[in-house]
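Here's the structure we're looking at; comments come further down.
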Amino acid sequence: MSDLKRTPLYDLHVALGAKMVPFAGYEMPVQYSLGVMKEHLHCREAAGLFDVSHMGQVILRSENPDVAKAALERLIPQDVLGLGEGRQRYGFFTNAAGGIEDDLMFANRGDHLFVVVNAACKEADVARMREDLEPEVTVKLLENRALLALQGPKAEAVLAEHHPMVSEMRFMDVATVPIAGAECWVSRSGYTGEDGYEISVPVAAAADLARALLEHDDVEAIGLGARDSLRLEAGLCLYGHDIDDTTSPVEAGLTWGIQKARRSSGAREGGFPGADRILSELAKGVSRQRVGLKPDGRAPMREGTALFATEAATDPVGTVTSGGFGPSVNGPVAMGYVETAHSQVGTALFGEVRGKRLPVTVASLPFVAAGFKR
Amino acid sequence: MKYTEEHEWLRVEGDEVVVGITAHAAEQLGDVVFIELPDEGATVSKDDEVVVIESVKAASDILAPLDGEITEVNEALVDEPGKVNEDPEGDAWFFKMKIEDLSALDDMMDEAAYKKYIG
């Protein structure tokens, strides 16, 4: 694994007994000694600490902050100009064909925008932003900050011991908070379906902060394995699996992430890559849609499982894009794309597993109620 | 106990052989969440895929270690697949099989050889 990068928490992961695997060019902990199942359940019951330092942290800055906001709107179908200071939004880079190039979080931090993108896409994302936004906007990929996520119902109580200000934050608020002597950029957000925080911390202070948080009895380190089952139960998309450069945001069921200002008849209608297809789909609907899928039996239906309308049908009506075992659901859960005619919640379908057609039902997402503090 | 290169253990009980997976294999698989067992009475050949075992990470197959007939399966595992992680070399056996020639076990690894095999 010599050509793989390591995050500033690498030594801590190893000391905690993590099993390290290659992921998006990094050596990352897939699980610790608790194991995926217990880590998942712990995060839902108390609090889990995740190292997400492999993700890309980017600053967009312009002399007049509105210039950077308007510029970013050329790349994403979100309302950036209308996002208040100290607030964060979910978004996605689209391409000319209306597909999704990556999903991201962006925050209005006053005189600049703070953008967090997926590890596997970060070089392409930065190149895309540089090409389109420079020179009016400076695009800076931060190499000197780590990113931690503290997630779960006890996250607020744990982090408030370091600074009471975090209790005042609502879902998707962002703030600069001094924690353990370091300037942290904290957002009340995450990707587990639980309440919690994402904490950008200077590299030099990252391991100390992680250790301080892990000292709390309610906090356990959580690996990528449980991160995946947590986000799947929460109905959240994994880029490269549930969304990619061919899936449109409308097919993916992400229309809640396209604000009014960017839609037809909005104040700044269109003006992002693929707007023709995306606005047309918003008006006319789509032929396939992302849905939740609950296998009726106990056998997991994993990514790639073909879905059929009947036990004997020859042509599939869809495919699973993420699937596995949901520890909180205590059974298999999945999501995937199906033809719109079969996308109603409650529709009975069959997934082909090891040559057998097993019953599966279209289910509403999320599988586990979100714990966000709105 | 005898061991296969597929990380199964075999224990002779009278004229039957009890088959399960080793603690090492269970550890590598991670939390087991689904098990599909063969039919009792089925005739199987060596290396047939007889058990499907899925963990939180992936699906794998357990192969028949020898030719023979499945005489009994451990139904309790279907409802509680996590037993494979708790007691892989005890309560969480998968199936029992009757084999023609028990001497086939002589060529298999003993505990010392298996320990060496997994390093």
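The values are calculated or read from the model by the stated rules, or taken from the named source; none is laboratory data. Just so it is clear, the model here is predicted, and its values are computed rather than measured. Positions of Cβ are generated from backbone atoms using ideal geometry, with glycine treated the same way; all protein chains shown enter the neighbour counts. Please note that ligands, DNA and RNA were not included when accessible areas were found on the heavy atoms of the full protein model with its side chains. Shrake-Rupley method; radii C 1.70, N 1.55, O 1.52, S 1.80 Å.
Computed values, structure above
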read-out: More than 16 angstrom apart: percent of Cα pairs within chain B; value: 56
read-out: Where trypsin sites (Lys or Arg not before Pro) fall in DSSP loop in segment A:135-187, at most 11 other Cβ within 10 Å; value: A:170
read-out: Exposure rank, largest accessible area first [A:263, A:61; 1.4 Å]; value: A:61, A:263
read-out: Lys, Arg +1 and Asp, Glu -1 on Cβ, resulting dipole of segment A:287-374 about Cα centre, debye, nearest 20; value: 380
read-out: Where labels lie 7 Å past Cα in the beta-carbon direction, separation of residue B:87 and residue A:329 in nm; value: 3.0
read-out: Tensor-based shape of chain A (alpha-carbon gyration tensor, a/c under 1.5 rounded, otherwise prolate or oblate); value: oblate
read-out: ³J(HN,Hα) computed for each position of segment A:211-226 - Karplus, 6.51 cos²θ - 1.76 cosθ + 1.60, integer Hz, glycine/proline x; value: 5, 4, 5, 6, 5, 5, 4, 7, 10, 10, 6, 10, x, 5, x, 6
read-out: Electrostatic dipole magnitude of the protein assembly as shown [Cβ: Lys, Arg +1; Asp, Glu -1; Cα centre; debye, to 20]; value: 2700
read-out: Percentage relative contact order, chain B, counting C-alpha pairs under 8 Å, at least six apart; value: 31
read-out: Cα-based convex hull volume of segment A:287-374 per residue, rounded to whole Å³; value: 94
read-out: Choice from A:158, A:52, A:67 showing the highest fluctuation, given a GNM over chain A with Cα pairs closer than 10 Å; value: A:67
read-out: Neighbour cut-off at most 12 other Cβ (10 Å), DSSP loop, chymotrypsin sites (Phe, Trp or Tyr not before Pro), segment A:168-224; value: none
read-out: Relative contact order, percent, chain A [alpha-carbon distance under 8 Å, six or more residues apart]; value: 18
read-out: Net charge over other residues, Cβ less than 12 angstrom from the Cβ of residue A:204 (K, R count +1; D, E count -1); value: -1
read-out: Residues residue A:24 and residue B:102, FRET efficiency given R0 of 51 Å [Cβ-Cβ distance, rounded to 0.05]; value: 0.50
read-out: Estimated FRET transfer efficiency (residue A:215, residue A:167; beta-carbon r; R0 22 Å; 0.05); value: 0.65
read-out: For segment A:153-306, size of Cβ-based charge dipole, Lys and Arg +1, Asp and Glu -1, in debye; value: 860
read-out: Calculated from backbone phi, Karplus (6.51, -1.76, 1.60) coupling profile of segment A:272-282 in Hz, x at Gly/Pro; value: 10, x, x, 4, 4, 5, 5, 5, 5, 5, 4
read-out: Estimated vicinal HN-Hα couplings, Hz - segment B:107-116 in sequence order (Karplus 6.51, -1.76, 1.60; Gly, Pro = x); value: 7, 7, 5, 8, 4, 4, 5, 5, 4, 5
read-out: Nitroxide proxy distance, nm - points 7 Å out along Cα→Cβ at residue A:138 and residue A:96; value: 3.2
read-out: Spacing of the two label points (7 Å from each Cα toward its C-beta) at residue B:28 and residue A:255, in nm; value: 4.9
read-out: Residues in segment A:111-129 reached by a label modelled at residue A:85 [backbone nitrogen below 20 Å; 7 Å Cα→Cβ]; value: A:111-115
read-out: Value at 222 nm in deg cm²/dmol, rounded to 500, when DSSP H runs of n ≥ 4 in chain B each add -39,500 (n - 2.57); value: -4000 deg cm²/dmol
read-out: Whole-angstrom gap from segment A:47-118 to segment A:170-208, using each part's C-alpha centre; value: 16
read-out: Counting DSSP beta bridges with both ends in the protein assembly as shown, the antiparallel % (nearest 5); value: 95
read-out: Accessible-area ranking of A:195, B:91, largest first, probe 1.4 Å; value: B:91, A:195
read-out: Under-5 Å amide H pairs with residue A:292, H placed in peptide plane, nonlocal only; value: A:363, A:365
read-out: Förster-model FRET efficiency, 45 Å R0, residue B:72 and residue A:364, C-beta, rounded to 0.05; value: 0.60
